[in-house]
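Beneath this line is the structure, given in structure tokens, with notes to follow.
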Amino acid sequence: MKKILFCLSIFFLATKLFSQPFSLPKLKYDYTSYAPQIDALTMEIHHSKHHQAYVNNLNKAIVGTRMESQSLMDLLFYAGFRSDVVRNNAGGHYNHTLFWEILAPPVAHSEISQELSNAITNDFKSIDSLKKVLLNAASSRFGSGWAWLVLSPEKKLIVTSTPNQDNPIMDVVTERGIPIVAIDVWEHAYYLNYQNKRMDYLNAVWSLIDWGIVSTKYNAAIGDSLLIELEKDNWPAMKDFHKVMAQTFHPSENGDLSPIRARSGEFLAKAILLTGSNPPKSLKTEGVHEGLLKLENKCAEINTLVKKGAKDKVLIKKMEESHDLFHLVQGLCHD
């Protein structure tokens, strides 16, 4: 019996050690189905080699860390707080997944919804105008990157582009929103067949976009609470304070008070700037100013304690109180 229990414990330990939080999504069609627009070999290498590498590297980077239990959206939303390895590979996984989802052989395309059609007409005049703007963003992206059709926090459709594996969900990007179309302009996406003729590739990809699938994504994005979170995160003073909070509070959770001891003055300065700043107009702000004043006072207490050489346990308690106040303020901003 003991031997069985021992074997089971080893099995579960191995499962935990080698579990993969993220996995490569299967394509809806086989590699040959996207030809002649995208040849089978390019699809196979792009999907099974490049995308798989992003998944593998992301899993390797987060194993054994707090990020292992976080969603892909969390990793993206706070990309500015992550290492370059996590940022690049989380982006690579998300970006490619969306790219595969919206592509289909033309014979399998479903129709665009009236809602999306109306939105395109309102924001771009016509689908042809949208094509021109989107493909221009893709063709003019210097080096490697992506072009996007995005639903902004104001619920407007916008076109943007990002370098490398960044995307509009990330806090490192200026024009943020929920992407509903992604176009890959890394050379590995097209070079085997198109060499340096990027525009030929882009026109080919355009013909593979299933606007019925994009419509489904548009309708889902319209009601997604992520739009509110993105709007709230577009509060620069809040973002700046949050960054210092994260960089000092999380180490304190593990007993490391050196970051807050070194940066208590900056911590207080960011809190003062936050109190004096204006939140985005679309956010609910009742009670927010009072909450920010309390947060500023708590940060002032921490700065005073650091200067007096307070004990770690005292600082940890005050850091926890400031962290709770910060999240209370964030909660007040919800609709």
**OP:** Could you pull out every residue, at least 5 positions away or on a different chain, whose amide H is within less than 5 Å of the one on residue 181? Hs are placed 1.01 Å off N in the peptide plane, and Pro or chain starts have none.
**Re:** 149
Original post:
Over all pairs of distinct alpha carbons, what does the Kirkwood formula give as the hydrodynamic radius of the stretch 31-224, in Å?
Top reply: 17.1 Å
Original post:
Among 288, 258, 199, whose Cα sits farthest toward the positive end of the charge dipole of the stretch 195-318 (+1 at Cβ of Lys/Arg, -1 at Cβ of Asp/Glu, about the Cα centre)?
Top reply: 258
Original post:
Mind checking the dipole of the stretch 31-224: about its Cα centre, +1 per Lys or Arg Cβ, -1 per Asp or Glu Cβ, Debye to the nearest 20?
Top reply: 300 debye
Original post:
What's the center-to-center distance, using Cα atoms, between the stretch 254-296 and the stretch 19-69 in Å?
Top reply: 40 Å
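From Cα pairs below 8 angstrom and at least 6 apart in sequence, can you work out the relative contact order of the stretch 206-308, rounded to a whole percent?
Working: 60 pairs, mean separation 28.5, N = 103.
Contact order relative to length: 28 percent.
Stick to the Cα atoms of the stretch 235-332, pair each with every other, and give me the Kirkwood hydrodynamic radius in Å at one decimal. It would help to have the intermediate numbers written out before the result.
Numbers: mean 1/r = 0.0748 Å⁻¹.
Here the Kirkwood hydrodynamic radius works out to 13.4 Å.
How high is the relative contact order of the chain, in percent, counting Cα pairs under 8 Å that sit 6 or more residues apart?
Values: 436 pairs, mean separation 48.2, N = 335.
Relative contact order here is 14 percent.
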**OP:** Give the angle, between 0 and 90 degrees and rounded to the nearest 10, that separates the Cα long axis of helix 236-253 from the longest principal axis of the Cα atoms of the chain.
**Re:** 60 degrees
Subject >> Entry for Rg/Rh (Cα atoms, Kirkwood Rh) (calculated from the structure that is shown) out of (1) 1.05; (2) 0.93; (3) 0.98 >> reply: (1)
**OP:** In whole Hz, with x marking every Gly and Pro, tabulate ³J(HN,Hα) for the stretch 123-128 from phi via Karplus 6.51 cos²θ - 1.76 cosθ + 1.60, θ = phi - 60°.
**Re:** 9, 9, 6, 7, 5, 5
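A short reminder: the numbers here are calculations on the coordinates, not readings from a lab. In this text, all values refer to a predicted model and were calculated from it rather than measured experimentally. Neighbour counts are summed over all protein chains in view; Cβ atoms, including those assigned to glycine, are modelled from backbone coordinates with ideal geometry.
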